[in-house]
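The next block holds one structure in the form of structure tokens; read it before the comments.
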Amino acid sequence: MKSDLLLTPNQITLMRFVFVPFIIICVLDGHWRAALVLFVIAGISDGLDGLAARMLHQRTLLGEYLDPIADKLLLSGLFLVLSMVHRIPWRYTVMVFSRDICIVATAALLYTAADYRNFRPSFLGKANTAAQVAALFFVLLHAVAGGLWVDSVRRSLLWLAFALALLSGIHYILLTGQRMKRGETR
């Protein structure tokens, strides 16, 4: 596992962890342009780590765990902080956190009680993440540039992220139940 940390894809993922506090500090200090730039760089790094893992044949179990943790830290942290500074209404943040807490609690329980480890993301889960990324981008863009069309897209994407968080959370629980019935534990 120690050598896995040194692989290029995992180094890129670890770099994303470093971006999180700086993006949050920028938001709290009202440095919207810097927050937006760092968020875009973090997003690019998310694509690069997966690309590097495939191209360099360096997919690892560590990377499979680190990548979604880095994503959740960034996305959940931004939803929370942007709600604190009144840029995102709390209902969206509550839905995002509720979904993630339910999924983590379910995964921890199944891993501990049933040695279940099949936690692959579903299409709806990936769509939920994409909607959250897009919504956060437009929230930050709106803070930088404003504009009626940006505000309209921002609002639409926040509602889409809300709906997909709800649907993907329910789908995840149903899908996990089906996988367990079929005996797919790994």
- Give the residue that is surrounded by the most Cβ atoms within 10 Å (Cβ to Cβ), with candidates limited to residues of the range 1-39 that are basic (Lys, Arg) and farther than 19 Å from Asp71 by Cα. Arg33
- Would you check which residues across the range 85-104 are out of contact with any Gly (no Cβ under 9 Å at 6 or more places or on another chain), touching a residue at least 24 places away in the same chain (Cβ under 8 Å) and not charged (D, E, K, R) and list them? Ile88, Pro89, Tyr92, Val96
- Query: Given the structure, is Arg87 outside any helix (DSSP H, G or I) and not polar (S, T, N, Q)?
  - Reply: yes
- Is it the case that the range 166-184 has a residue that's within 18 Å of the chain's Cα centre (by Cα), within 23 Å of Gly30 (Cβ to Cβ) and aliphatic (A, V, I, L, M)? no
- Note on the structure: Among (1) without any contact (Cβ under 8 Å) to a residue 60 or more places away in the chain; (2) more than 20 Å from Leu164 (Cβ to Cβ); (3) out of contact with any Leu (no Cβ under 7 Å at 6 or more places or on another chain), Val40 falls short only on (1)
- Query: Is the range 99-115 home to any residue that is of a type outside the set (Ser, Thr, Tyr) and within 22 Å of Ala35 (Cβ to Cβ)?
  - Reply: yes
- Message: So, Ala113, is that one part of a helix (DSSP H, G or I), assigned by TED's automatic domain parsing to the domain that holds Trp159, farther than 27 Å from Ala163 by Cα and of a type in the set (A, V, I, L, M, F, W, C) or not?
- Response: yes
- Query: (1) outside the structural domain of Val18 (by TED's automatic domain parsing); (2) modelled with pLDDT under 85: which one isn't true of Gly63, the others all being true?
  - Reply: (1)
- Give the number of residues within the range 157-186 that are touching a helix residue (DSSP H, G or I) at 6+ places or on another chain (Cβ under 8 Å) and at positive phi. 0
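Per-residue answers, yes or no, for (1) modelled with pLDDT of 90 or more; (2) in contact with a Phe, Trp or Tyr (Cβ under 7 Å, 6 or more places away or on another chain); (3) buried (at least 18 other Cβ atoms within 10 Å of the Cβ); (4) over 22 Å from Glu64 (Cβ atoms):
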{"position": "Trp90", "(1), (2), (3), (4)": "yes, no, no, yes"}
{"position": "Thr93", "(1), (2), (3), (4)": "yes, yes, yes, yes"}
{"position": "Phe97", "(1), (2), (3), (4)": "yes, no, no, yes"}
{"position": "Ala105", "(1), (2), (3), (4)": "no, no, no, no"}
{"position": "Ala114", "(1), (2), (3), (4)": "no, no, no, no"}
{"position": "Arg120", "(1), (2), (3), (4)": "no, no, no, no"}
{"position": "Thr129", "(1), (2), (3), (4)": "yes, no, yes, no"}
{"position": "Phe138", "(1), (2), (3), (4)": "yes, no, yes, yes"}
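The values are calculated or read from the model by the stated rules, or taken from the named source; none is laboratory data. Predicted model only: the values in this text are computed from it and were never measured. With ideal geometry, Cβ positions are generated from the backbone for all residues, glycine too; neighbour counts draw on all protein chains shown.
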